[in-house]
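*Asks:* Before I ask anything, let me first share the structure, which is written out below as structure tokens.
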Amino acid sequence: MSLAKARFAKTLIAALSLFVALPMVQAQDKGDLDSYKWRVDGEWWYSHPSGNVTASADQVEFDINKDFRFGSYSTFSGGFDWHFARKHHFTFDTSPVYSSSTTTLSRDITFQGVTYHLGATVSSDLSSLAFAPGYQWDFIRRRQGYLALATSLNLLNTEAKLTGIGTLNGVTATRTASGSVLAPLPVVGLRSRWYPVRDSSRFSLDGSMKGMYFFGYGHFVYASGVGQVELRHNLNLRAGYQVGTRLKVKGTDNHMGLSLTQKGPIVGLEASW
């Protein structure tokens, strides 16, 4: 088993072991504490990107931190949940991320056939737009919370672009080199919500982890852990941490390859009705 597969399997087992401790309190006439028809959440996300990119025909990858000193930046993530039956949901999540940097290169970098030499000032842009329609089945649902099987199709479009004085076919000029990966990635995992105070919805814990190993092509992981405080009926303040993207896609003759992680703290609101 590869290292990536082993890590993914261990994460799944750890998440299952954590969330299976959900209290098995029998449902009462009052109904579930987590009872709603529609739910929307939105969070400010202070994301820190890390990873590397390689163009399809290039032999040397560039590191977005070591070579271009990408830092943390503010963005957002959000989701929509249609709870159409007691144990069944249709979901939709999105997390657009964009970061950029300008730096003086400490080595030669070749990307999409353009070589940017040591000492050149180069601007770099990295964008990743993700949409994820999905389905959730609460196979354990009690008054104090649930444990669910969650699946989704992550439609992920990632683009990297370099702009600066570069050389192509022996001619040096200001050039822009770009590459992109459009990847429809089916993922599966677990999601849980637990209200630790008996018969009270004032505080809850929400956790999820989804991913998939795509054999020789790469792998994808998403995970989050959030604490929630009820501000008023059906309005919660959320705060926690998420690994919004842990993606590895191997390059081919026709596509850019990349290894990208986006992670950081989140703060936001959740409304239900």
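*Asks:* Of 263, 66, how do they rank once you tally other Cβ atoms within 10 Å and put the fewest first?
*Replies:* Values: 263 19, 66 12.
The fewest-first ordering by Cβ neighbours comes to 66, 263.
*Asks:* Another one. Please report, in debye to the nearest 20, how large the charge dipole of region 3-272 is about its Cα centre when each Lys and Arg carries +1 at its beta carbon and each Asp and Glu carries -1 there.
*Replies:* Details: 27 positive and 20 negative charges, 156 e Å.
Around 740 debye, computed over region 3-272.
*Asks:* So how do 168-179, 67-78 stack up, highest first, on mean other-Cβ count within 10 Å?
*Replies:* Result, highest mean Cβ count within 10 Å first: 67-78, 168-179.
*Asks:* Another one. Tell me which aspartates and glutamates have Cα within less than 16 Å of residue 248's Cα, excluding those fewer than 8 residues away on the same chain?
*Replies:* Once the sequence-local aspartates and glutamates are set aside, what remains near residue 248 is 61, 63, 159.
*Asks:* Something else: Largest first and to the nearest Å, give the Cα extent of region 3-272 along each principal axis.
*Replies:* Principal extents (Cα only, largest first): 77, 37, 27 Å.
Here, each number is a calculation from the coordinates, and none is a lab measurement. These numbers were taken from a predicted model, which means no experiment stands behind them. We place every Cβ from the backbone using ideal geometry, glycine too, and count neighbours over all the protein chains shown.
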